[in-house]
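The structure under discussion appears below in the form of structure tokens.
The values are calculated or read from the model by the stated rules, or taken from the named source; none is laboratory data. The shown structure was predicted, so the numbers you read here are calculated from the model rather than taken from an experiment. When we count neighbours, we look across all protein chains shown, and the Cβ atoms used for this are built from the backbone with ideal geometry, even at glycine. Note: accessible area is taken over every heavy atom of the protein model, side chains too, but ligands, DNA and RNA are not part of it. Shrake-Rupley method; radii C 1.70, N 1.55, O 1.52, S 1.80 Å.
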Amino acid sequence: MLYREALNKAIDKTMEMDETVVVLGEDVGLYGGSYRVTEGLVAKYGERRLIDTPIAELSIVGNAVGMAIGGLRPVAEIMTANFGLLAFDQIINHMAKYRYMSAGKITLPMVVRFPQGVSRQLAAQHSESYEQMLSAVPGLTVLAASDVNYAYHALQFAIMSDDPIIFIEHELLYNKKGDIDFETAIDPLKARVVKEGQDMTIVSYLKMLDDVMEAVPEIEKQLGKSCEVIDLCSLNPIDYETLETSLKKTGAIVVVEEDHKTGGFGSQIVSWAAEEMFYSLDAPPLRLAGEDVPIPYNRTLELASIPTPEKIAEKIMAWGNKNGL
């Protein structure tokens, strides 16, 4: 199954199960979604539950907040994360805070789906990653779907949760193939050990996880060491327990992220390792991230601005050799 089909199936199942689930956003209805995630759902549930909105992100999220307060379970789609900046007032001042400010009298069972990341030559205004800002907002749960099975289970969890959730997807993952285990439930807040290893812990999420897995064979071959790879899955809250178990075993940690390095999300993991796990570290933590530039349109420059499997392997090998790993 494709990643986008898994998301579609998750939305379909929750809409069938609970008539209060509604979807709203640009082209989510008749067109089937910009990434085909809601394809076919309007024929099944009608235009009252698959709501095509104007191009107005502040209104999309603001309406979703009102729907959630009024007893619905809205799933709001932002076409691309950059446009979500227009809705940050509603996301941060309303969606994230109403339950806390009302002492729990108001619940906001709502999801905002955030397609983001460097796709392919969509240039600076369509290629950003904002997990570092969203994860820093108290009151928001932030999930990042890196694989097909997680996308299916985690989106269902998000829609049926009584708390507001940001659900981040990567635009290059929509056609990723994978299997869904329909029988086994997962905990979407728990990090996933994708590959076990003994000598270094590599932490990543979203598309960078695939790039890390592509780089790992070369790293292990050249260094003669084994890598443990962890998919964070939940960016807020972070499953530090899984990270701690891994780091106590390996003694070294690398974080790979696509967003800009300055102020990037991975700095949270590195600071945690330095503050809480210092005596377990055999080497300084390494963070690989995007360059501090607007994402270029030119494909060569675009690839130069973010980590790639080749750069990940090269930099981790250099770090490993320097620190005797």
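Got a sec? Charge dipole of the chain, +1 on Cβ for Lys and Arg, -1 for Asp and Glu; which of P296, P54, T262 is way out at the positive end?
P54
Run the numbers for Q198 and L86: contour at 0.36 nm per residue of separation, minus the present Cα-Cα distance, in nm.
35.9 nm
With point charges of +1 on the Cβ of Lys and Arg and -1 on the Cβ of Asp and Glu, referenced to the Cα centre of the range 21-156, which listed residue (A103, Q116, V37) lies farthest in the positive direction of the dipole?
About the Cα centre, the residue reaching furthest to the positive side is A103.
Quick check: at a probe of 1.4 Å, how many percent of the accessible area of the chain sits on carbon and sulfur atoms?
52 percent
Averaged per residue, what accessible surface does the range 189-325 expose to a 1.4 Å probe, in Å²?
Accessible surface, normalised per residue, equals 45 Å².
Of N298, N149, N63, which is the most mobile in a GNM of the chain whose springs link Cα atoms less than 10 angstrom apart?
N298
Can you figure out the FRET efficiency of T262 with D18, using R₀ = 35 Å and their beta-carbon distance, to the nearest 0.05?
Calculated transfer efficiency: 0.25.
Of F88, G224, Y279, whose Cα points farthest to the positive end of the dipole of the chain (charges on the beta-carbon: +1 Lys, Arg; -1 Asp, Glu; origin at the Cα centre)?
Sorting the options by dipole projection puts first F88.
Let's test the formula: R0 of 25 Å, r as the Cβ-Cβ distance of E244 and A136. What FRET efficiency results, to the nearest 0.05?
After rounding to 0.05, the efficiency reads 0.70.
Considering only Cα-Cα distances, which of the following residue pairs are longer than 27 Å: K97/K176; K221/K249; K176/K225; K190/K249; K9/K261; K97/K195?
Too far apart for the 27 Å limit: K97/K176; K176/K225; K9/K261; K97/K195.
Sort the following peptides by mean Cβ neighbour count (other Cβ atoms within 10 Å, averaged over residues), highest first: 155-164, 118-127.
Top to bottom by mean Cβ count within 10 Å: 155-164, 118-127.
Roughly how many nanometres apart are two label points built 7 Å out from the Cα toward the Cβ at L301 and D282?
Label at L301, label at D282, 4.2 nm between them.
Tell me the label only: which of (1) 21.0; (2) 16.2; (3) 18.7 is mean projected area of the Cα convex hull in nm² as calculated from this structure?
So the calculated entry is the one marked (2).
If each of E310 and S226 carries a label point 7 Å out from its Cα toward its Cβ, how far apart are those two points in nm?
The answer from the label model is 3.0 nm.
Quick check for me: using +1 on Lys/Arg Cβ and -1 on Asp/Glu Cβ, what's the dipole size of the range 192-322 about its Cα centre, in debye to the nearest 20?
Dipole of the range 192-322, to the nearest 20 debye: 260 debye.
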